[in-house]
Amino acid sequence: MKIAVLPGDGIGIEIVAEAVKVLNALDLSFEMESALVGGAAYEAHGHPLPDATLNLAKASDAILFGAVGDWKYDKLDRPLRPEQAILGLRKHLGLFANFRPAICYEQLVGASSLKPELISGLDILIIRELTGDIYFGQPRGRRVATDGHFPGAEEAFDTMRYSRPEIERIARVAFEAARKRNKKVTSVDKANVLETFQFWKDVVTDVHKEYPDVALEHMYVDNAAMQLVKAPKAFDVVVTGNMFGDILSDEASMLTGSIGMLPSASLNSSGQGLYEPSHGSAPDIAGKGIANPLATILSAAMMLRFSLNQEAAAQRIEAAVQKVLAQGLRTPDIHSEGTTKVGTAEMGDAVVKALK
Ligand code: NAD
Ligand code: IPM
Ligand code: MN
């Protein structure tokens, strides 16, 4: 079992170190190889996704990824910015299916900014399409406008697009996942305004015919954003496009207590996967040793489950995380009165101890 370890930038380095600690504490034999990615790779090799890093990722069974990005790279040409590394990995490896499970552990019910009764027992799964949409659509760029409100003015444009096979495959992923859960899929779109998302809705409706045992509802993205905080437990599986999924999953993270709790798995059609927390490199807290490593540790559990066929080990990690939370250990983002504040490394050490 070969794991590519790509810590990246900012807190990526701190949180991946804790996940690696946890993986090493399992009595399994992995081959782990690290490489630079993002801003760190740009500094060393002049490119955020060097060939050596991409080739290592391609040759591995799974990739454990931290986060990339820093404000200081915002003025670079786009192809050189750190974020291009994660976008490039998703595209080159065909990682189209992004699973972002928002589970509220009972111990953290008080950590969320939402009322406890709204989130107690919450277990929803956001499935985000990850290689299409306005993120990758061509053409895009800047030009002088020839029409619109200000002809002759400078303007910028992107292209939102989805093909039928792209929508069909992510819809199938969502229906299959729902079959193993509460058998309900909410497809989130903006069909009332956008042609791309009327097509999305039509194709999801077509695929649904293969899954009569699963309930399908359609919801506009603006309403979905509201319903997620009004009655989050009404959802089971949410399936949506790349951009809406990005936004809704950050929103959903607060249902779990903190963005530092939301893991993710990004899979391709051959079961290879990239595992990363849903959050970014958090430059505002990087280097302080206070980032929550649990989203990354829980992503490592997803890696064991989905790519390495080690379900028992995945469950051991998840149980260990619940145990440290029950012990009252909290990084600052999930800290509340009566609990014990710990740093990134202490939290990782506690998970390792709880595994034993
Ligand atoms: P962010 O997710 O990095 O941070 C948002 C807020 O959440 C910050 O206040 C941060 O301190 C906090 N936070 C995030 N993770 C945390 C953790 N584990 N523990 C405690 N607090 C945590 O988003 P941002 O600030 O908008 O972006 C920062 C950089 O990260 C940007 O360059 C952005 O492009 C990049 N980014 C990368 C990824 C990725 O690599 N997949 C994902 C999102 C953002
Ligand atoms: C995420 C991030 C990325 C995205 C960025 C860093 C490209 O926000 O993984 O959610 O928008 O997909
Ligand atoms: Mn995001």
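No value in this document is a laboratory result; all are computed from the given coordinates. Since the model is a prediction, treat every value here as computed from it, not as a measurement. Every residue, glycine among them, receives a Cβ derived from its backbone with ideal geometry; neighbour counts consider all protein chains shown.
Pairs exceeding a 23 Å alpha-carbon distance, out of Lys21/Lys356; Lys91/Lys288; Lys91/Lys184; Lys58/Lys91; Lys288/Lys341; Lys2/Lys288: Lys91/Lys288; Lys91/Lys184; Lys2/Lys288. What you get for segment 1-138, charging only the Cβ of Lys and Arg (+1) and of Asp and Glu (-1), is a dipole of about 340 debye around the Cα centre.
Scanning residues 5 or more positions from Gly273 or on other chains, those with amide H under 5 Å from its amide H are Ile63, with H placed 1.01 Å from N in the peptide plane. Only Lys, Arg, Asp and Glu carry charge here, each on its Cβ (+1 for the first two, -1 for the last two); on that basis the chain has a dipole of about 500 debye about its Cα centre. Cβ crowding within 10 Å, taken as a proxy for footprinting-reagent exposure, orders Trp71, Trp200 from fewest neighbours to most as Trp71, Trp200.
Determine the distance separating the Cα centre of segment 103-128 from the Cα centre of segment 257-302; give it in Å without decimals. Distance between centres, Cα-based: 17 Å. Here the convex hull built on the C-alpha positions of segment 191-317 has a volume of 160 cubic angstrom per residue.
For segment 1-59, the orientation-averaged shadow of the C-alpha convex hull comes to 3.9 nm² (one quarter of the hull surface). Quick check on segment 207-271: take the gyration tensor over C-alpha atoms, sort the square-rooted eigenvalues as a ≥ b ≥ c, and tell me if it's rounded (a/c under 1.5), prolate or oblate. Cα axes put segment 207-271 in the oblate bin. Of the trypsin sites (Lys or Arg not before Pro) found in segment 284-331, those that fall in a DSSP loop while having at most 16 other beta-carbon atoms within 10 Å are Lys288. Evaluated at q = 0.08, 0.14 Å⁻¹, the base-10 log of the normalised Debye intensity for the chain, with identical point scatterers placed on the Cα atoms, takes the values -0.39, -1.21. Largest mean-square fluctuation among Val193, Val229, Val109, in a Gaussian network model of the chain whose springs join Cα atoms under 10 Å apart, belongs to Val193. Under conditions of 37 °C and 0.692 mPa s, segment 274-324 yields 276 µm² s⁻¹ as its translational diffusion coefficient, taking Rh as the Kirkwood radius over Cα pairs in the Stokes-Einstein equation.
Restricting segment 204-260 to trypsin sites (Lys or Arg not before Pro) that sit in a DSSP loop and have at most 14 other Cβ atoms within 10 Å of their own Cβ leaves Lys209.
For the chain, modelled as a Gaussian network with Cα springs under 10 Å, which listed residue fluctuates most, Ala41, Ala62, Ala265? Its mean-square fluctuation being the largest, the pick is Ala41.
Given R0 = 30 Å, the distance between the Cβ atoms of Gln227 and Lys180 translates into a calculated FRET efficiency of 0.85.
Ranking Thr131, Thr340 by Cβ neighbours within 10 Å, fewest first, what do you get? Show your work: numbers first, answer last.
Details: Thr131 21, Thr340 11.
The order, fewest Cβ neighbours first, is Thr340, Thr131.
Across the options Ser299, Gly257, His279, the greatest Cα extent toward the positive end of the charge dipole of segment 237-313 (unit charges at beta carbon of Lys, Arg, Asp, Glu) belongs to Ser299. As an exercise, find the ratio Rg/Rh for segment 58-200 from alpha-carbon atoms, using the Kirkwood inverse-distance average for Rh. Reported Rg/Rh, Kirkwood definition of Rh: 1.04.
Quick check: Cα centre of segment 1-68 to Cα centre of segment 138-212, how many Å? Measuring centre to centre over Cα atoms gives 31 Å.
Shape call for segment 60-109 from the C-alpha gyration tensor, a ≥ b ≥ c root eigenvalues: rounded (a/c under 1.5), prolate (a/b greater than b/c) or oblate? It is oblate, given that a/c is not under 1.5 and a/b is not larger than b/c.
Largest GNM mean-square fluctuation among Arg172, Arg100, Arg128, using the chain with Cα springs under 10 Å: Arg172.
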